[in-house]
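Visitor: Below is the structure I would like to discuss, written out as structure tokens.
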């Protein structure tokens, strides 16, 4: 028999290569850590490794170096607790602020039917800072999660500095600026460092301004 007849032809080799590459890709896809939305976490099993992102709305630090974070899904308002153990890198509280969008890689626990993601310092990173995440509409919809917090928000100052608007000019919030001059920023895009409060006397949300800068 001719030796050449025993060797696969080039088209056959190409087909074999395609099949092998496809198998490798499928294997990689099946073993990749799934990225889930926060509302989906309640439906996964204990011990499942996940990747999840959300807006930081609360955190507490403890003496042992453990930090408890709470992330919110911006679409549904659903929250999830993150328990972050001390690692080699800096703790989230050293670089993250309320309103930042965080990415977390960790392991799910359905403790007492309340989903929690356990991770360490190396499993947490900032995707976007608050000024690129928070909007007046988002704060108005989920105000109870942000009330009393210091935040940085981007918007358009209008009405002689008395209201901050989203860029679409459809949503606005009252600005309280005692001791801080803001009228010169009227009709300008600004970054506002402030505290969100609910004023019972006027039954309205307010931003108590600490500082204002041009965006």
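The values are calculated or read from the model by the stated rules, or taken from the named source; none is laboratory data. All figures in this text were calculated on a predicted structure; none of them were measured in a lab. Glycine also receives a Cβ, built like all others from the backbone with ideal geometry; neighbour counts cover every protein chain displayed.
Visitor: Sort out which residues of segment 76-94 are part of a loop (DSSP other than H, G, I, E, B) and free of Cβ contacts under 8 Å to residues at least 40 places away in the same chain, and write them in order of number.
Guide: Result: 76, 86, 87, 88, 89, 90, 91.
Visitor: Would segment 125-140 turn up any residue that is more than 21 Å from residue 196 (Cβ to Cβ) and at pLDDT 95 or above?
Guide: Yes, some residue in segment 125-140 is more than 21 Å from residue 196 (Cβ to Cβ) and at pLDDT 95 or above.
Visitor: Turning to a different aspect of this structure: Within segment 58-97, can you find the residues that are surrounded by 15 or more Cβ atoms within 10 Å (Cβ to Cβ) and within 15 Å of residue 127 (Cβ to Cβ)?
Guide: 69, 71, 72, 73, 74, 82, 92, 96, 97
Visitor: Same structure, new question: For segment 98-207, which strands (runs of 3 or more DSSP E) that fit wholly inside it have 2 or more residues that are under 26 Å from residue 59 (Cβ atoms)?
Guide: Result: 101-111, 114-120, 124-128, 150-158, 172-176, 188-199.
Visitor: Mind checking which residues of segment 38-57 are under 15 Å from the mean Cα position of the chain (by Cα) and surrounded by fewer than 18 Cβ atoms within 10 Å (Cβ to Cβ)?
Guide: Residues satisfying the conditions are 39, 51.
Visitor: Sticking with this structure for a sec: Return yes or no: is residue 111 surrounded by fewer than 18 Cβ atoms within 10 Å (Cβ to Cβ), over 15 Å from residue 48 (Cβ atoms) and in the same structural domain as residue 60 (by TED's automatic domain parsing)?
Guide: When the stated conditions are applied, residue 111 does not pass them.
For (1) out of contact with any helix residue (DSSP H, G or I) (no Cβ under 8 Å at 6 or more places or on another chain); (2) at pLDDT 95 or above, each residue gets a yes or a no:
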site	(1), (2)
35	yes, no
42	yes, no
46	yes, no
50	no, yes
58	no, yes
62	yes, no
73	no, yes
89	no, no
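Visitor: Among the listed residues 170, 189, 147, 210, identify the single one that is closer than 30 Å to residue 83 by Cβ and not assigned by TED's automatic domain parsing to the domain that holds residue 85.
Guide: 147
Visitor: Which one of the conditions (1) free of Cβ contacts under 8 Å to residues at least 12 places away in the same chain; (2) within 23 Å of residue 134 (Cβ to Cβ) does residue 61 fail to meet, given that it meets all the rest?
Guide: All conditions pass for residue 61, except number (1).
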